[in-house]
Amino acid sequence: SGWVGLAVGDPEAVQAAGRTALETALLDRATALPTLPIVLDRVKEIMIEHGEIGVVFIDIEQVEALEAEYGWAFFDELLSNVGQIVSAEAKQRFTNPIVTCHRTGGSSFYIFHETRGQDLSEENAWERIANDLRQTLIDTTRGRFPNVQSDQIGFFVGTARIDYRPQIRLERQVYAGMQTAADAVRDAEQQRKKQLTRELRDIIRRKRVT
């Protein structure tokens with residue numbers, strides 16, 4: 001009955017309560033970062049205003065192994081710390097960054113940022129940005145969790161730029177850019193697996209020779 005009275009007497013309060021409940025549902029509990037639906041309108045505004053937007057995709061390596069070995073409470077603490085580190089690095093590195101979790105309860109993040117003021121004309125500029133950010137994330141996270149084996153903490157980082165195309169629906173452009181950045185991560189992951197396979201074959205070959 002209290003809810004009915006509130007609805008009749010103060011519809012604005014009901015609307016505000018509804019918005020608060022929705023935002024709570026769309027915030028990641030471990031990191032307190034927003035998921036994409038909350039920030040999508042702002043991302044679209046930047047695209048329209050500047051004609052483009054940069055995207056950085058960050059994924060934690062060995063997610064299942066970490067949670068299985070250390071438990072979900074530790075992993076939530078790790079996620080919280082990584083969210084803080086990603087947010088701090090985004091503010092230092094990018095213009096007006098927007099940091100978001102890929103999805104609630106997930107282990108990956110996106111940074112959307114304005115590209116003005118950044119010299120991205122040089123060859124491999126985006127790759128250098130990704131590699132530098134990846135190493136900083138690794139070093140900082142290992143510093144916060146010294147009891148975790150260093151080779152258990154790693155990140156995949158991919159980048160992309162979305163060029164605004166008025167004839168295509170904005171949401172579709174945003175999701176396509178996010179996919180491009182994530183695909184860059186998968187490419188790097190595949191290359192790393194191939195490299196590890198080659199190194200393992202070399203080790204086996206050397207042992208056979210000796």
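The values are calculated or read from the model by the stated rules, or taken from the named source; none is laboratory data. Please read these numbers as outputs of a predicted model, since none were measured by experiment. Virtual Cβ from ideal backbone geometry, glycine too; neighbours counted across all protein chains shown. What goes into the accessible areas is simple: the full protein's heavy atoms, side chains included, and nothing from ligands, DNA or RNA. Shrake-Rupley method; radii C 1.70, N 1.55, O 1.52, S 1.80 Å.
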## Note on the structure
Per the filter on segment 40-76, residues within 18 Å of residue 178 (Cβ to Cβ) and aromatic (Phe, Trp, Tyr) are 57
#### Entry: Within segment 23-80, considering residues that are more than 15 Å from the chain's Cα centre (by Cα) and of a type in the set (Ser, Thr, Tyr), the one most open to solvent (accessible area, probe 1.4 Å)
24
### Task
Restrict the check to segment 119-133 and report whether at least one residue is surrounded by fewer than 20 Cβ atoms within 10 Å (Cβ to Cβ), modelled with pLDDT under 90 and under 16 Å from residue 35 (Cβ atoms).
no
#### Entry: Selection from segment 83-109 of residues that are surrounded by fewer than 18 Cβ atoms within 10 Å (Cβ to Cβ), over 19 Å from residue 40 (Cβ atoms) and within 10 Å of the chain's Cα centre (by Cα)
none
